[in-house]
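**Q** Mind having a look at this structure? Questions to follow.
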Amino acid sequence: MAKKVGIFGGTFDPIHSAHLILAEHAWEQFQLDTVLLMPCAVPPHKEREITPALHRSRMIQLAIEDNSHLKLSCFELERMGKTYTADTIQMLNKEHPECEYFFILGADSLFDIENWYHPEQILEQIRIIAAVRGDMERNDLQKQIDYLQERYPSSQITLLDTPLIDISSTMIREHVRQGKTIKYYVPKDVEKYIYQQKLYQESETGR
Ligand code: ATP
């Protein structure tokens, strides 16, 4: 039987509780064997300065230490130059034909996906698991799913059954900068790491 593997890509700057809850629910709901948390190298969609990959991946490692079905994947970090989701999926499918991959994303990403590099390749090559986010109603997200499925007939997109969790990495970076608490927004060891390494103290460039 094919191994079922979730791919959860993101900047993870830093990883937070909503990411972890999403990954865990996707694992449970879709009976995945593993969820790969895959930090991206140079995010094609973000303009601010991104924290070095080493810190972002260490924080992921700390966050998932006690969970054997969540794994850090440096697949995108190890590639040179710009890494696109469409290429990542194609390469993984080719390298691991024994695996069935699922791509996990939040609603904001599902609404933006047509601006990504070759969205048709993403949507036709991999099953998508989408989670609600922000002030978006479940209905709005379902409408976007229906629209994408009509436009890309071989796509398979399923709504993840998760609660709305209004946490973002931006919010955490801002809290740190303003000296506000981030306790419970991120796992304890990630919180410690952020302070030890003095991350997110400076104001962000390009904003
Ligand atoms: P930033 O605030 O820096 O933009 P972020 O919190 O959106 O970061 P990313 O690492 O960019 O985090 O997100 C990776 C994936 O996780 C994206 O698909 C995003 O939609 C999803 N995601 C992040 N936070 C949430 C959340 N609170 N609810 C649902 N999905 C989320």
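The values are calculated or read from the model by the stated rules, or taken from the named source; none is laboratory data. Every value quoted in this text rests on a predicted model; they were computed, and no experiment measured them. Note that each Cβ is placed from the backbone with ideal geometry, even for glycine, and that neighbours are counted across all protein chains shown. When the accessible area is computed, the model is the full protein with side chains, heavy atoms only, and any ligands, DNA or RNA have been set aside. Shrake-Rupley method; radii C 1.70, N 1.55, O 1.52, S 1.80 Å.
**Q** At a Cα cut-off below 16 Å, give the aspartates and glutamates reachable from K188, other chains included and same-chain residues fewer than 8 away excluded.
**A** Within the straight-line limit of under 16 Å, K188 reaches these aspartates and glutamates: D13, E65, D66.
**Q** Could you state the accessible area per residue of the stretch 1-134 in Å², with a 1.4 Å probe and every protein chain left in place?
**A** I get 46 Å² per residue for this part.
**Q** Right, another one. What share of Cα pairs, in percent, lie more than 32 angstrom apart in the chain?
**A** 13
**Q** Measuring from label point to label point, each 7 Å out along Cα→Cβ, what is the K192 to S68 span in nm?
**A** 2.3
**Q** So what is the relative contact order of the stretch 86-144, in percent, for Cα pairs below 8 Å that sit 6 or more residues apart?
**A** It comes to 42 percent, rounded to a whole number.
**Q** How long are the semi-axes of the equivalent ellipsoid of the stretch 1-106, taking √(5λ) for every eigenvalue λ of the Cα gyration tensor, in whole Å from largest down?
**A** 21, 18, 11
**Q** In a Debye calculation with equal point scatterers on the alpha-carbon sites of the stretch 48-107 and no solvent, what is log10 I(q)/I(0) at q = 0.22, 0.24, 0.28 Å⁻¹?
**A** Debye curve over Cα of the stretch 48-107, log10 I(q)/I(0) at q = 0.22, 0.24, 0.28 Å⁻¹: -1.20, -1.27, -1.27.
**Q** Defining a contact as two alpha carbons under 8 Å apart and six or more residues distant in sequence, what relative contact order in percent does the chain show?
**A** Relative contact order of the chain: 26 percent.
**Q** Want the number for N139 to D108: 0.36 nm per residue separation, take away the alpha-carbon distance, what's left?
**A** Residue separation times 0.36 nm, minus the Cα-Cα distance, leaves 9.8 nm.
**Q** Take the solvent-accessible surface of the protein heavy atoms, probe 1.4 Å, and return the percent of it on the chain that carbon and sulfur atoms account for.
**A** Here carbon and sulfur together make up 48 percent of the probe-accessible area.
**Q** May I ask you to derive the FRET efficiency for K180 and E124 from their Cβ-Cβ distance with R0 = 45 Å, giving the value to the nearest 0.05?
**A** With a Förster radius of 45 Å, E is 0.55.
**Q** Please compute the modelled spin-label separation between N115 and D166, points set 7 Å along Cα→Cβ, answer in nm with one decimal.
**A** 2.3
**Q** Separate question: So which trypsin sites (Lys or Arg not before Pro) in the stretch 176-206 pass both tests, a DSSP loop state and at most 15 other Cβ atoms within 10 Å of the Cβ?
**A** K180, K198
**Q** Taking the Cα atoms only, what angle lies between the long axis of helix 53-64 and the longest principal axis of the chain, rounded to 10 degrees?
**A** Helix 53-64 sits roughly 80 degrees off the main axis of the chain.
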